[in-house]
Amino acid sequence: MVAGRKIIIIGGGPAGLMAAGQAAEAGAEILLLEKMKQPGRKLGITGKGRCNITNIAEKTDFIAHFGKTGKFLHQAFGRFFNRELMAFLESLGLKLATERGGRVFPASGKATDVRAVLLRWLDESGVRINNSSPVDELLITDKRITGIVSKGRTFKVDAVIVATGGASYPSTGSTGDGYYLARCAGHTVIPIRPALVPLETAGNEAGRMAELNLRNIRVRMLVNGKKQQEAFGELVFAKFGLTGPVILTLSGAAVDAGSKGQKIVFSLDLKPALDEQKLDARLLRDFAARGNEPLSSVLRGLLPREMVPVCLDLIGLSPDRIAHGVTVKERRRLRTWLKDFRLEMVKARPLKEAIITAGGVNTREINPRTMESSLIKGLYFAGEVLDLQADTGGYNLQAAFSTGWLAGRAAAAGK
Ligand SMILES: Cc1cc2nc3c(=O)[nH]c(=O)nc-3n(C[C@H](O)[C@H](O)[C@H](O)COP(=O)(O)OP(=O)(O)OC[C@H]3O[C@@H](n4cnc5c(N)ncnc54)[C@H](O)[C@@H]3O)c2cc1C
């Protein structure tokens, strides 16, 4: 270790906070520059305010959730992975709870508690934090970082860690500045686009059911008529279209296919536990038991109230139709709709509404063992500013913490 190396961390999100503390503990002199009035704004709203910190999945499965971008993370996860992160946070006094799907949360259910323990740790480790201090420029001489400029003031440094996050939810401070800084340093930036993002759909059907939340739904994503992916879980209708975990999971692939001009259709299986035969038997049973009632009331046994008029409109049956008068053909139409309700995607909601920014600093130009730029000595990157993106489930925060951990340690050691 080179004692007393002067390091500036740009950005106080999970990646920057972890990098700052690790580098300080390794003996470096740390200044963290945060452009907002306080660090960790986004961290404070993660997981609907509960912060899904990580996931207990084993490494191969975990990395698979990053798709093509996951390969880069092997070394970082080899050094500091989910169990290490959990033990570390617990050592700071944060109790954790593991929920369905291996998702780990603070036991208090408060994302702000995660931020609070990290900030206390930084304080105890001697990290200085300057809030309201956006970094505008990197100073580079002979392919080596020498300093940065913030609000017209120059700071001389031995190393800089860029942890500015992505470009989604800009009100949290993540406005994409790191991409500009990286480009100025000669890095290529893979085009940024929204991922884990709600999607707009054609027609008014989704809007008619806005805010309706469906659990245990299977959604198949059809690209130019062919099934490409499917996901199972919770879906939420919105004024503009679809959202909820299942849609967010499929959204990255949908955005990419949509950008190639391909037609994206979501096929909703509203009764995934029943195959066609069982569903038909169920319909026959309901229609026999309540033969004299109008379809609109019989269908209430099968669907949430808001869905019934939409269903009847789409299959072309009157709500007043008496159940025992439904023909075999009409029943088949209903059955097919329940298993294959289709909505066509028009476009994604804007980047500012995305949970994650896909794209970012090209990881081919970053040393995966240290997070150091392979172009500029002493310049490191960590977190979402890199071309890394994963599903929901705690994977993205783990990537921010792991790459931050590695960058902090490596920068302090002058590696
Ligand atoms: C609503 C929402 C919920 C989420 N929930 C989860 C979840 O439960 N689990 C999960 O794994 N992931 C979740 N994510 C994703 C996760 O929050 C991000 O992947 C993670 O915060 C990225 O960390 P980061 O440190 O790289 O960047 P960020 O958290 O974006 O932090 C970047 C920091 O850099 C600062 N900054 C930017 N530019 C400058 C500059 N020029 N100078 C100085 N400072 C600068 C910003 O103000 C900010 O504080 C969620 C995201 C959103 C939007």
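The values are calculated or read from the model by the stated rules, or taken from the named source; none is laboratory data. Remember, predicted model here, so these are calculated numbers, not experimental data. Counting neighbours? That spans all protein chains shown, and the Cβs are built from the backbone with ideal geometry, glycine included. Protein only, heavy atoms only, side chains kept; ligands, DNA and RNA dropped before computing areas. Shrake-Rupley method; radii C 1.70, N 1.55, O 1.52, S 1.80 Å.
Summary of values
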| read-out | value |
| --- | --- |
| For the chain: accessible area per residue (Å², 1.4 Å) | 44 |
| Helix 14-25 vs. the chain, principal-axis angle (Cα, 0 to 90°, nearest 10) | 30 |
| About the Cα centre, charge dipole magnitude for the chain (Lys/Arg +1, Asp/Glu -1 at Cβ), debye | 360 |
| For the stretch 67-77, Karplus couplings with θ = phi - 60° (6.51, -1.76, 1.60), whole Hz, Gly/Pro x | x, 5, 7, x, 4, 4, 8, 3, 5, 4, 5 |
| Per-residue ³J(HN,Hα) for the stretch 387-402, Karplus 6.51 cos²θ - 1.76 cosθ + 1.60, θ = phi - 60°, Hz, x for Gly and Pro | 6, 9, 7, 10, 5, 6, x, x, 6, 5, 5, 4, 4, 5, 5, 5 |
| Size of charge dipole - the stretch 173-252 - debye, nearest 20, with Cβ of Lys, Arg +1 and Asp, Glu -1, no other charges | 260 |
| Accessible area of the chain belonging to carbon and sulfur atoms, whole % at 1.4 Å probe | 50 |
| THR60 accessible area, assembled protein chains, probe 1.4 Å, Å² | 100 |
| Among PHE401, VAL326, MET345 the positive-end extreme of the charge dipole of the chain (Cβ point charges) | VAL326 |
| Dipole moment magnitude, nearest 20 debye, the stretch 44-163 about Cα centre, only Lys, Arg, Asp, Glu C-beta charged | 220 |
| If the convex hull is drawn through the Cα atoms of the stretch 1-93, its volume per residue in Å³ | 138 |
| Exposed GluC sites (Glu not before Pro) absent - longest run of the chain, DSSP non-H/G/I/E/B, at most 15 other C-beta within 10 Å | 59-210 |
| Unit charges at the beta carbon, dipole of the chain: most positive-side option, ALA231, VAL298, ILE315 | ILE315 |
| Probe 1.4 Å, all protein chains present, accessible-area order of SER108, SER91, largest first | SER91, SER108 |
| Dipole of the stretch 33-150, positive direction: furthest Cα of VAL149, HIS74, GLY126, with charges on the beta-carbon | HIS74 |
